[in-house]
1. For the stretch 18-34, does any single residue satisfy the condition of being touching a helix residue (DSSP H, G or I) at 6+ places or on another chain (Cβ under 9 Å), modelled with pLDDT of 95 or more and on the phi > 0 side of the Ramachandran plot?
2. If SER86 satisfies every condition in (1) assigned to a helix (DSSP H, G or I); (2) modelled with pLDDT under 95 but one, which is the exception?
3. For the stretch 24-39, give me the residue count where each residue is more than 16 Å from ALA73 (Cβ to Cβ) and either touching a residue at least 40 places away in the same chain (Cβ under 8 Å) or charged (D, E, K, R) (or both).
4. Given (1) among the basic types (Lys, Arg); (2) out of contact with any helix residue (DSSP H, G or I) (no Cβ under 8 Å at 6 or more places or on another chain); (3) assigned to a loop (DSSP other than H, G, I, E, B), identify the lone condition not met by ARG80.
Amino acid sequence: MTLRDGAEGVERDAVRAVELFEIDIKERKQSKSMVCLGNMMRDGADGVARDTDRAIQLYGMAVEEDNNAEAVAQLAALQRDRSDGSTRDEGE
């Protein structure tokens, strides 16, 4: 998460953070990484386009993996926003 947020002595690199989260998800099936990457996809980041479909997919994976409470909440919020039309990806 240091690459995602930046820290003393570590430059923020959202693109590299996405790569590392994807590796962690693939190799270790870590729900925390699914949620963190889902948050990045939901919000977008420097060099990372907003993608709510991918965010929903990641939150769903985290729920399936270990019923991650944060993923449940984020998934519900995104689905609610989608149902009322308030969440749009860039370019829509």
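1. yes
2. (1)
3. Residues meeting the conditions: 5.
4. Tallying (1) among the basic types (Lys, Arg); (2) out of contact with any helix residue (DSSP H, G or I) (no Cβ under 8 Å at 6 or more places or on another chain); (3) assigned to a loop (DSSP other than H, G, I, E, B), ARG80 fails exactly one: (3).
The values are calculated or read from the model by the stated rules, or taken from the named source; none is laboratory data. Keep in mind that what you see is a predicted model, and the values were worked out from it rather than measured. Methodologically, a virtual Cβ is constructed for each residue, glycine included, from the backbone with ideal geometry; neighbour enumeration extends over all protein chains shown.
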